[in-house]
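Comments concern the structure below.
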Amino acid sequence: MNPLFSDRMRNRNLLRLAGMILVSLGLLLVSGCSQAQKAHQIIIAGSTSVQPFAEILAEEYMKMHPDISIDIQGGGSSSGIKAALSGTAAIGMSSRDLKGDELSLWSAEIARDGLAIIVHPDNTVNELTSAQVQDIYIKAVDNWAQLGGQDGNIHLFTREEGSGTRDAFVSLAMDNADVTPKAMVQDSNGAVRQLVGDDPGAIGYISLGLVNEQVKPVVLDGVAASHANIINGSYKLSRPFLFVSNGDPVGIAKDFIDFVLSEEGRQILTREGLVTRDAEVQS
Amino acid sequence: MKRLLDRLPGFIFLLIALSALSALALIIVFIFYEGIPIIAKVGLGQFTLGMSWAPGKGEFGILPMIIGTVSVTLGAAVLGVPVAILTSIFLTEFAPAAVSRIVRPAIQLLAGIPSVVYGFWGLTFIVPYIRLWIGGPGLSVLAGSVILAIMILPTVISITEVSLLALPRTYKEGSLAIGATQWQTVWSVQLPAAKSGIMAAVILGIGRAVGETMAVIMVLGNAVALPESLLDPARTLTTNIGIEMGYASGDHQQALFATGIVLLVIVMSLNSIAQATLKRSQR
């Protein structure tokens with residue numbers, strides 16, 4: 001009998017294979033569990049609009065402080081404020097002003113976010129009023145000729161349900177009126193910018209910091225979408241990004257907020273497309 | 001002892017096979033666990049036949065997306081199936097060996113292109129041409145249908161080919177012997193004989209089209225309104241999940257899982273119908 005093909009031999013090979021699989025499964029398990037518990041951890045929760053920026057800031061911060069872990073969760077402004085009130089989160093993130101009871105919280109404006117309404121660079125319409133923007137987005141107006149432009153259908157772009165940018169647009173520009181369901185939906189600022197830049201009949205809205213030469217931001221109610229006009233408060237489509245906490249922040253939370261409000265933190269936020277100024281701290 | 005050693009490998013492999021099955025079970029249980037509560041809350045009729053999808057306002061009607069899925073898929077079938085069937089006839093009956101040696105692997109290569117590449121190609125190539133030559137915003141049911149038609153080709157072609165090749169040679173020989181031309185033989189003898197196999201191929205192709213997500217998100221426009229023409233944007237069940245999962249929470253998230261349940265039911269029924277027709281064709 002050829003020993004190479006003996007049953008014993010085959011079994012041994014099979015066993016070896018099975019053993020290897022088991023060992024690798026075991027290794028996977030072990031590596032999954034062995035993520036060491038970090039000594040210092042805080043939770044930040046709230047607005048999904050602020051979340052991506054907070055994540056970038058936390059990443060930078062954790063690079064400098066490897067022993068600290070910052071856990072950032074979404075949930076929306078209201079739940080973030082609640083989490084800060086109840087102490088579930090050390091810091092709450094809000095993308096709207098505080099109101100009522102919430103005003104008792106400590107808060108710091110880390111930056112302002114501006115929205116730009118954008119059209120194709122070849123579009124002859126340069127300026128719109130708030131009322132016109134609302135008419136466009138409820139589809140009361142559907143041709144550029146009705147707005148002083150060239151004849152052609154208006155192709156509407158909006159963001160997906162749940163997006164912070166969409167929430168901001170609906171509350172700041174639409175006075176909470178619903179965007180027409182006929183509007184085309186994209187799931188990122190970049191996609192909206194790309195598609196508006198490709199289509200001479202398109203209109204959309206994106207974060208001001210992400211406007212580039214592919215698209216043209218329109219002048220709204222006679223006010224240009226600019227850094228200066230957001231700081232001086234004359235441009236309508238802008239909202240605050242707040243960090244809130246129950247009482248003055250202490251420990252890691254304080255250190256992290258100090259970092260965010262420092263020159264370095266502000267540079268990061270500006271680089272990512274937000275508008276910053278010397279932060280106002282109120283208690 | 002030797003006996004035990006003999007049976008051990010079989011046992012281990014059984015365990016591994018079961019782990020694949022349990023992954024399926026886990027997924028199904030999880031989707032139902034997450035999705036059923038919202039269906040119970042909204043009502044199955046209101047969920048599947050509701051016309052309005054506005055999670056922010058608690059409206060969860062997915063009929064526009066069911067219709068979106070059906071229209072994009074039908075469009076893909078109308079465009080893709082004739083091409084696929086004629087291609088398989090060409091490959092099995094008419095193509096010289098040298099030609100089919102190139103065509104066959106080339107078609108299988110279509111199956112290997114990642115769907116995001118299809119989507120990107122559709123967005124930069126098909127969408128602008130639809131906008132320029134036919135009208136509308138370009139992102140449309142038509143664009144989705146064209147992309148899906150190409151994506152289902154490999155599935156439909158290979159299964160149709162297999163069922164044509166599985167026919168007894170005597171059918172063809174008998175038909176040719178009584179004086180039918182090659183085309184008459186294909187059209188009146190072979191195609192009818194392979195009918196159920198071809199049906200199964202088409203249904204599997206449709207199943208593939210129903211489940212496709214990434215490519216469709218990019219070219220469909222994703223509007224939640226009911227499409228009124230081929231040039232209108234639309235949203236399918238898959239893209240509803242894909243585009244909104246980012247920030248969804250609570251009821252909204254459950255509604256996306258519920259969308260998954262509807263999708264799962266559709267795809268599983270399509271697959272069982274295909275299996276049943278295939279079985280009938282083999283008898």
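A short reminder: the numbers here are calculations on the coordinates, not readings from a lab. Keep in mind it's a predicted model, so treat the numbers as computed, not measured. Positions of Cβ are generated from backbone atoms using ideal geometry, with glycine treated the same way; all protein chains shown enter the neighbour counts.
Annotations
- Note on A:ARG277, A:ARG159: ascending count of other Cβ atoms within 10 Å places them as A:ARG277, A:ARG159, the fewest first.
- Projecting the Cα atoms of B:GLY207, B:GLY242, B:VAL83 onto the dipole axis of the range B:57-282, where Lys and Arg carry +1 and Asp and Glu carry -1 at the beta carbon, places B:VAL83 farthest toward the positive end.
- For A:VAL250 and A:GLU272, the FRET efficiency from 1/(1 + (r/R0)^6), where r spans their Cβ atoms and R0 equals 25 Å, is about 0.35.
- When the Gaussian network model of chain B links Cα atoms closer than 10 Å, the mean-square fluctuations of B:LEU18, B:LEU79, B:LEU132 top out at B:LEU18.
- A straight Cα-to-Cα reach below 20 Å connects A:LYS254 with the aspartates and glutamates A:GLU55, A:GLU59, A:GLU60, A:ASP67, A:ASP71, A:GLU102, A:GLU109, A:GLU263, A:GLU264, A:ASP278, A:GLU280, residues fewer than 8 places away in its own chain not being considered.
- Kyte-Doolittle mean at least -1.0 and Cα axial length at least 27 Å: DSSP H helices in chain B: B:2-42, B:63-89, B:141-165, B:251-282
- By the rule of a C-alpha distance below 18 Å, with chain neighbours fewer than 8 residues away ignored, the lysines paired with B:LYS195 are B:LYS172, B:LYS279.
- Arranged from fewest to most other beta-carbon atoms within 10 Å of their beta carbon, A:ARG112, B:ARG3, B:ARG104 become B:ARG3, B:ARG104, A:ARG112.
- Tensor-based shape of the range B:1-148 (alpha-carbon gyration tensor, a/c under 1.5 rounded, otherwise prolate or oblate): oblate
- Our note on the geometry: Cα centres of the range B:21-86 and the range A:87-118, 37 Å apart.
- Estimated FRET transfer efficiency when R0 is 22 angstrom, pair B:ALA97-B:TYR171 (beta carbons, to 0.05): 0.50
- Rounded to the nearest 20, the size of the Cβ-charge dipole of the range B:152-236 about its Cα centre is 260 debye, with Lys and Arg at +1 and Asp and Glu at -1.
- Overall form of chain B per C-alpha gyration tensor (a/c, 1.5; a/b vs b/c): oblate
- Here's the list of aspartates and glutamates a cross-link from B:LYS57 could span, going by alpha-carbon distance under 17 Å and ignoring same-chain residues fewer than 8 apart: A:GLU160, A:GLU161, A:ASP167, A:ASP175, A:ASP178, B:GLU244, B:ASP251.
- Spin-label model, B:ALA23/B:TYR129: points 7 Å from Cα along the beta carbon direction are separated by 3.8 nm.
- Peptide-level mean, for B:4-13, of C-beta atoms on other protein chains within 10 Å: 4
- Angstrom value of the Kirkwood radius, inverse mean 1/r, which spans all Cα pairs in the range A:138-283: 17.5 Å
- Taking amide H positions as modeled 1.01 Å from N, with prolines and chain starts lacking one, the residues under 5 Å from A:GLU127 and 5 or more places away or on another chain are A:VAL219.
- Cα pair count fraction exceeding 31 Å, expressed as % - the protein assembly as shown: 62 percent
- Cβ-defined net charge surrounding B:ASP251, 14 Å radius [Lys, Arg +1; Asp, Glu -1]: -2
- Sorted by Cβ density within 10 Å, fewest first, the residues B:VAL202, A:VAL50: B:VAL202, A:VAL50
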